[in-house]
Amino acid sequence: MNYFPDEVLEHVFDFVASHRDRNAVSLVCRLWHRVERLSRQRVFVGNCYALSPQILIARFPGLKSLTLKGKPHFADFNLVPHDWGGYVQPWIEALSNSRIGLEELRLKRMVVSDESLELLSRSFANFKSLVLVSCEGFTTVGLAAIAANCRFLRELDLQENEIDDHSGHWLSCFPDSCTSLISLNFACLKGEINLAALERLVARSPNLRSLRLNRAVPLETLQNILMRAPQLVDLGTGSYVHDPDSETYNKLKHTILKCKSIRNLSGFLEVAPRCLPAIYPICLNLTSLNLSYAAGIHGSELVKLIRHCAKLQRLWILDCIGDKGLEVVASTCKELQELRVFPSDPFGVGHAAVTENGLVAISVGCPKLHSLLYFCQQMTNAALIAVAKNCPNFIRFRLCILDPTKPDPVTMQPLDNGFGAIVQSCKRLRRLSLSGLLTDWVFLYIGMYAEQLEMLSVAFAGDSDKGMLYVLNGCKKLRKLEIRDSPFGNKALLTDVGKYETMRSLWMSSCEVTLGGCKTLAKEMPRLNVEIINEHDQMEIGSDEQRVEKMYLYRTLVGPRKDAPEFVWTL
Amino acid sequence: MEKSVNYGGHHDDLNLEATKLRLGLPGIISSDIGYEKQSSSASTVVVVRNNKRASPVGIMTQESSSKSHSNVSDARNGDPNSHHQPPAKAQVVGWPPIRSFRRNSFQQKKTDQGDGAGMYVKVSMDGAPYLRKVDLKVYKSYPELLTALENMFKFTIGEYSEREGYNRSEYAPTYEDKDGDWMLVGDVPWDMFIFSCKRLRIMKGSEARGLGCL
């Protein structure tokens with residue numbers, strides 16, 4: 001390969017798209033490393049504290065698209081205190097001071113300020129795409145800056161962010177000359193929207209393919225929008241409430257018939273069920289349906305709707321669908337690949353919930369299922385064994401029993417065997433979340449069989465250090481391990497410290513790990529950041545015997561971070 | 001880089017035959033694996049009920065008397081050897097694991113749709129010294145609501161007709177909708193009304209008659 005000019009190598013590498021493959025390519029030899037890094041345009045950084053912006057910029061001068069993730073996953077569930085970190089500001093500053101022509105930025109679980117958004121919008125002339133998932137710290141003022149300054153903006157996608165709503169006028173900040181929008185998602189915004197500005201924006205965006213509205217957009221506006229944009233592929237309705245006998249609703253029924261391209265449907269944040277028949281014509285062609293925020297659709301209307309969706313590949317739903325409703329899904333949606341069933345009443349009495357029966361029905365009817373997130377009232381070993389047999393193709397299997405230590409209600413046994421069957425049968429399993437009553441056995445099975453496992457989430461499980469050791473020793477491809485409220489201590493933590501450099505991160509909270517254990521680990525492994533979060537005993541440097549509330553460790557090239565707050569202590 | 005780990009000091013205790021999974025019913029498997037087996041400390045203790053784990057209700061562990069740090073709102077000291085009952089709705093921090101955004105949107109939905117909290121709106125009546133509040137969720141239809149208002153403020157409302165509103169009576173019930181407009185109660189379907197009504201006002205006198213004449 002030394003005889004080929006660099007351009008040829010580069011051309012070959014163009015066909016190597018995935019991050020992992022490109023990373024592998026860059027390890028072959030110095031030449032390949034150089035060609036690869038100079039031609040690399042898309043970079044994925046799974047932990048923003050693993051490296052610095054300077055390192056990134058130096059290595060990939062041709063960077064166009066950057067994905068960054070900040071806080072640990074358990075931050076989604078309020079286990080990480082508010083000011084922990086994950087700020088995007090230093091990244092945007094560094095990039096804007098460089099010659100990088102950033103076009104796309106995708107952030108997850110990061111703190112984004114209005115100042116950052118403003119700087120972003122002014123720094124990159126060709127900026128095209130901003131995707132923010134589960135972020136916080138910004139307001140509609142920041143969005144206004146993006147709208148106003150990014151002249152070639154194609155995508156603004158806001159998914160489940162906490163955004164302070166100051167006014168709906170950010171939409172009016174898109175200049176009249178902005179006609180490049182392909183995707184706009186503001187479903188998570190809580191406040192009012194300038195409806196006229198929205199309609200005008202849609203009217204001048206002929207390339208618009210994806211539009212997800214928030215609750216403040218009424219049905220009349222939806223009607224007007226669909227008239228102008230019948231080419232939409234992805235639609236999220238806002239408030240779907242109207243009088244089914246009205247002129248507006250009638251018009252909507254006819255307009256929808258022209259929208260033959262819609263394949264993804266979501267929203268229904270408010271819904272009058274009697275208006276649902278208008279969307280039946282689009283259901284026929286839907287491949288993705290997200291009703292997980294549509295608490296107003298249940299019972300027979302929900303089932304009726306599902307019966308129209310024979311081509312569904314992805315379904316996100318609330319557990320008020322019930323086991324019977326899942327049976328309808330199983331008999332209707334033969335192409336189903338991904339199913340998520342969310343709890344509609346997480347803290348209430350279990351009247352609206354699903355059980356193991358619904359899941360078994362799905363596994364029988366939908367053999368192509370490979371991704372599952374299932375919140376349920378209870379689960380049995382027999383059901384899990386059946387599911388494992390029916391669906392050997394699972395890549396992601398996340399089960400959440402609402403009572404976290406509930407045993408098999410039929411046999412009163414732990415669920416070790418059930419999960420064991422899953423990992424044994426599903427040889428391609430990459431992500432697993434456990435719940436229910438579980439002993440060390442389940443970890444033995446995971447260590448033995450889950451050869452492709454990359455991410456494991458554990459809560460209230462296991463009996464001893466052996467459990468964690470089975471996993472650390474057996475799962476060679478493990479990258480992320482997060483554990484809460486389980487009896488794993490220093491022995492589990494310290495037996496194989498080298499393992500952590502092969503992983504992205506380890507989270508342990510409310511376990512048996514002590515301060516002394518963490519200190520030992522930090523001392524032996526200087527290329528790890530071992531962070532302790534101590535909210536309650538503010539920096540009371542107790543004895544080494546003291547148990548650590550929360551520990552988060554990750555490999556890094558740049559040592560302890562400088563933006564850690566008071567309650568975070570890097571050993 | 002990785003040291004090999006002994007599953008226990010004694011490999012014969014591991015009983016590999018027992019770990020061979022069969023896709024059968026749990027009754028069969030459990031006796032093979034030997035759920036009742038308790039061997040020396042070297043191998044895994046396989047008991048259904050274990051004493052060591054910190055349960056979500058904060059039952060103390062055998063080893064230490066330090067407080068359980070499971071962040072449970074009501075931590076109870078339990079006998080470690082007792083079979084623990086399922087926690088009676090003790091809310092565990094971060095469980096079930098749903099994103100805060102989704103969690104918050106459900107609290108909000110509950111207030112919007114009035115589950116549990118009720119859907120209270122203010123009611124004012126022209127000339128009355130103070131306002132009242134009614135829970136719209138309690139009523140299933142307009143006649144029910146109007147009767148309740150009549151009783152609350154001691155007045156009578158006439159018949160509703162689409163053409164003339166409440167023209168026969170001295171009063172007209174009106175409401176402020178989401179857009180801030182004042183609408184006559186009764187024009188839209190009840191379900192839609194509940195969603196859009198922000199407050200009620202019972203208009204009296206010429207103003208009311210004026211509305212009826214529209």
| remark: Exactly one of A:Leu291, A:Leu302 is more than 12 Å from every other protein chain (Cβ to nearest Cβ) and within 21 Å of the chain's Cα centre (by Cα), and that residue is A:Leu291
| Of the residues that make up segment A:449-460, is at least one under 23 Å from A:Trp507 (Cβ atoms), touching a helix residue (DSSP H, G or I) at 6+ places or on another chain (Cβ under 6 Å) and not hydroxyl-bearing (Ser, Thr, Tyr)? | yes
| query | Within the bounds of segment A:426-441, is there any residue that is more than 8 Å from every other protein chain (Cβ to nearest Cβ) and part of a helix (DSSP H, G or I)? | reply | no
| said: Condition (residue is under 30 Å from B:Val93 (Cα atoms) and either touching a residue at least 24 places away in the same chain (Cβ under 8 Å) or of a type in the set (Phe, Trp, Tyr) (or both)) applied to segment A:60-68: is it met by at least one residue? | reply: yes
| A:Val360 versus (1) touching a Gly at 6+ places or on another chain (Cβ under 8 Å); (2) hydrophobic (A, V, I, L, M, F, W, C); (3) outside any loop (DSSP other than H, G, I, E, B); (4) away from every other protein chain (no Cβ under 12 Å): which is the lone unmet condition? | (1)
| query | Just to be sure, is A:Ala50 part of a helix (DSSP H, G or I) and of a type in the set (A, V, I, L, M, F, W, C)? | reply | no
| message | Looking at A:Ala421, A:Ala383, A:Ala353, A:Ala388, can you tell me which residue is within 13 Å of chain B (Cβ to nearest Cβ), surrounded by 21 or more Cβ atoms within 10 Å (Cβ to Cβ) and modelled with pLDDT under 95? | response | A:Ala353
| note | Checked segment A:402-418 for anything crowded, with 24+ Cβ neighbours inside 10 Å and either in a helix (DSSP H, G or I) or among the hydrophobic types (A, V, I, L, M, F, W, C) (or both); matches are A:Leu415, A:Asp416, A:Asn417, A:Gly418
| request: Kindly indicate the residue of segment A:458-483 that is more than 8 Å from chain B (Cβ to nearest Cβ) and part of a strand (DSSP E or B) and also farthest from A:Glu549 (Cα to Cα) among those meeting that condition. | output: A:Lys480
| task | Considering every residue within segment A:484-495, establish whether at least one is farther than 20 Å from A:Leu79 by Cα and among the small types (Gly, Ala, Ser). | result | yes
| Is it fair to say A:Glu501 is of a type in the set (Asp, Glu), within 10 Å of chain B (Cβ to nearest Cβ), in contact with a strand residue (DSSP E or B) (Cβ under 8 Å, 6 or more places away or on another chain) and assigned to a helix (DSSP H, G or I)? | yes
| task | Looking only at segment A:391-418, count how many residues are of a type in the set (A, V, I, L, M, F, W, C), at the interface with chain B (Cβ under 9 Å from one of its Cβ atoms) and touching a His at 6+ places or on another chain (Cβ under 9 Å). | result | 0
| task | Out of A:Leu95, A:Leu68, report the one residue that is more than 30 Å from B:Pro97 (Cβ to Cβ) and touching a helix residue (DSSP H, G or I) at 6+ places or on another chain (Cβ under 9 Å). | result | A:Leu95
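The values are calculated or read from the model by the stated rules, or taken from the named source; none is laboratory data. Not measured: the values here are computed from a predicted model. A quick note on method: Cβ atoms are made from the backbone with ideal geometry, for glycine too, and the neighbour counts reach across all protein chains shown.
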